[in-house]
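Here is the structure we will look at, set down as structure tokens.
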Amino acid sequence: MIYPSVDKLLNLVDSKYQLVHIAARRGREMQKTEFYQMPISKYKCSKPIGRALEEVAEGLITIGNKEE
């Protein structure tokens, strides 16, 4: 996976396990409902998991329990 960068994503999420969980849930949601938070043409990835990670990178998915 080249985009979005894992390093950038891990600055937004506590752990890589939480990131995988979030992306998997959002990816399944996208497949089931066909609801996207950005226009389809703006996504670089064609698969739901990649698109979910792009949404995390853009700040469209908020992650709770992030200790500051």
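Looking only at the stretch 1-48, which residues are surrounded by 13 or more Cβ atoms within 10 Å (Cβ to Cβ) and among the basic types (Lys, Arg)? Talk me through it step by step, then tell me what you get.
Step one: filter the stretch 1-48 for residues surrounded by 13 or more Cβ atoms within 10 Å (Cβ to Cβ), giving 4, 9-10, 12-13, 18-20, 22-24, 26-30, 36-37, 43, 45, 48.
Of everything in the stretch 1-48, those that are surrounded by 13 or more Cβ atoms within 10 Å (Cβ to Cβ) and among the basic types (Lys, Arg) turn out to be Arg26, Arg28.
Does the stretch 39-46 contain any residue that is part of a loop (DSSP other than H, G, I, E, B), on the phi > 0 side of the Ramachandran plot and charged (D, E, K, R)? Outline the logic, then answer.
Our first condition is that a residue be part of a loop (DSSP other than H, G, I, E, B); within the stretch 39-46, this holds for 39, 43-46.
Then keep just the ones that are on the phi > 0 side of the Ramachandran plot; that gives none.
No: zero hits.
Name the pairs whose Cβ atoms lie under 6 Å apart, with the first residue in the stretch 15-29 and under 9 Å from Ile49 (Cα atoms), the second in a helix (DSSP H, G or I), and 6 or more positions between them or separate chains?
Every condition considered, the pairs that remain are Ala23/Ile49; Ala23/Ala52; Ala23/Leu53; Arg26/Ala52; Gly27/Pro48; Gly27/Ile49; Gly27/Ala52.
Here are some residues: Tyr3, Tyr17. Which one is in a helix (DSSP H, G or I) and either more than 9 Å from the chain's Cα centre (by Cα) or not aromatic (Phe, Trp, Tyr) (or both)?
Tyr17
Consider only pairs whose beta carbons are under 6 Å apart and that are at least six residues apart or on different chains; among these, list those whose first residue lies in the stretch 31-48 and is touching a residue at least 12 places away in the same chain (Cβ under 8 Å) and whose second residue is of a type outside the set (Phe, Trp, Tyr) and part of a loop (DSSP other than H, G, I, E, B).
Pairs found: Gln37/Leu60.
Would you say Ala23 is assigned to a helix (DSSP H, G or I) and touching a Leu at 6+ places or on another chain (Cβ under 7 Å)?
Judged against the criteria, Ala23 is a match.
Report yes if some residue within the stretch 49-63 is modelled with pLDDT under 95, in contact with a Phe, Trp or Tyr (Cβ under 6 Å, 6 or more places away or on another chain) and surrounded by fewer than 18 Cβ atoms within 10 Å (Cβ to Cβ); otherwise report no.
No, the stretch 49-63 contains no residue that is modelled with pLDDT under 95, in contact with a Phe, Trp or Tyr (Cβ under 6 Å, 6 or more places away or on another chain) and surrounded by fewer than 18 Cβ atoms within 10 Å (Cβ to Cβ).
The values are calculated or read from the model by the stated rules, or taken from the named source; none is laboratory data. A quick note: this is a predicted structure, and the numbers were derived from the prediction, not measured. All Cβ positions, glycine included, derive from the backbone under ideal geometry; neighbour counts span all protein chains shown.
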